[in-house]
1. Given the conditions (1) in a helix (DSSP H, G or I); (2) open to solvent by 10 Å² or more (accessible area, probe 1.4 Å); (3) within 26 Å of residue 189 (Cα to Cα), which single one is not true for residue 58?
2. Specify which of the listed residues (145, 47) is loosely packed, with under 15 Cβ neighbours inside 10 Å and closer than 14 Å to residue 168 by Cα.
3. Does at least one position in the stretch 168-175 carry a residue that is part of a helix (DSSP H, G or I), closer than 30 Å to residue 42 by Cα and either open to solvent by less than 60 Å² (accessible area, probe 1.4 Å) or among the small types (Gly, Ala, Ser) (or both)?
4. Please count how many residues of the stretch 110-143 are among the hydrophobic types (A, V, I, L, M, F, W, C), in a helix (DSSP H, G or I), over 30 Å from residue 83 (Cβ atoms) and in contact (Cβ under 8 Å) with a residue 60 or more places away in the chain.
5. When you scan the stretch 44-58, do you find a residue that is aliphatic (A, V, I, L, M), under 24 Å from the mean Cα position of the chain (by Cα) and within 30 Å of residue 165 (Cβ to Cβ), even just one?
6. If we keep just the residues of the stretch 176-190 that are open to solvent by 50 Å² or more (accessible area, probe 1.4 Å) and either in a helix (DSSP H, G or I) or charged (D, E, K, R) (or both), which is nearest to residue 87 (Cα to Cα)?
7. Considering each residue of the stretch 148-167, count those that are within 19 Å of the chain's Cα centre (by Cα), farther than 25 Å from residue 30 by Cα and open to solvent by 20 Å² or more (accessible area, probe 1.4 Å), and give that number.
8. What pairs come out if I take residues in the stretch 144-160 that are under 14 Å from residue 84 (Cβ atoms) and pair them with residues that are open to solvent by 40 Å² or more (accessible area, probe 1.4 Å) and of a type outside the set (A, V, I, L, M) whose C-beta lies under 6 Å away, six or more apart or interchain?
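The values are calculated or read from the model by the stated rules, or taken from the named source; none is laboratory data. Bear in mind that the values here come from a model prediction, so they are computed numbers and not experimental data. Here Cβ is always computed from backbone atoms with ideal geometry, including for glycine, and neighbour counts include all displayed protein chains. Quick note on the areas: whole protein, heavy atoms, side chains included, nothing else; ligands and nucleic acids left out. Shrake-Rupley method; radii C 1.70, N 1.55, O 1.52, S 1.80 Å.
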Amino acid sequence: MNVAITDRKATMHSKRFGLWIGLGSITMMFVALTSAYIVRRSAGNWMDFRLPNMFFISTIVILASSIALEMSYRSFVAHKEQVYKLWLFISLLLGLMFCVTQYWGWQQLYNIGIPLTGNPSGSFIYAISALHVAHVAGGILAISMAIYHAFTLPFFVSGERQNRFKMVLHYWHYVDILWIYLLLFFLIFR
């Protein structure tokens with residue numbers, strides 16, 4: 001006699017689990033890059049310079065974008081369709097603005113005499129921040145898809161839609177926290 005026993009423990013959705021595995025991989029990559037930065041810095045031939053002010057502005061922008069996406073999610077769950085759509089769109093605009101401010105930060109680096117291929121200290125800043133922007137671009141794509149769904153699908157809150165939105169939200173908060181880590185890292189290890 002076979003008896004099926006089901007365990008009703010709270011489990012993580014498999015897609016969200018996959019996302020967290022991916023985020024772990026991204027984290028390992030950035031830890032490796034920042035470790036390489038520290039090792040290369042100790043080898044000498046390192047130029048000290050002040051980080052461009054635009055990197056601090058971009059931090060405020062990505063934090064605001066993360067808050068906007070959180071507000072969108074909360075409005076979605078509260079069945080406030082128009083507010084949810086508005087915050088979602090604001091989050092996308094701020095995400096795009098983050099990429100623009102990063103570019104302006106790279107221009108500021110160049111203008112103070114830190115070209116991409118000059119000293120390794122500047123090259124690391126360009127490379128690490130550009131790789132982060134590439135991950136932000138992935139998040140912008142996810143938010144764009146969320147906007148597409150928001151305006152093309154009939155509005156209703158379901159478990160599957162909530163899970164999909166949470167995945168976008170978790171990824172976006174992750175790239176936000178990752179940027180704060182990188183900025184603090186650059187400030188501490190200049």
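1. Unmet condition: (2).
2. 145
3. Looking for residues that are part of a helix (DSSP H, G or I), closer than 30 Å to residue 42 by Cα and either open to solvent by less than 60 Å² (accessible area, probe 1.4 Å) or among the small types (Gly, Ala, Ser) (or both), one finds at least one in the stretch 168-175, hence yes.
4. 5
5. Within the stretch 44-58, one or more residues are aliphatic (A, V, I, L, M), under 24 Å from the mean Cα position of the chain (by Cα) and within 30 Å of residue 165 (Cβ to Cβ).
6. 177
7. Total meeting the criteria: 1.
8. 155/81
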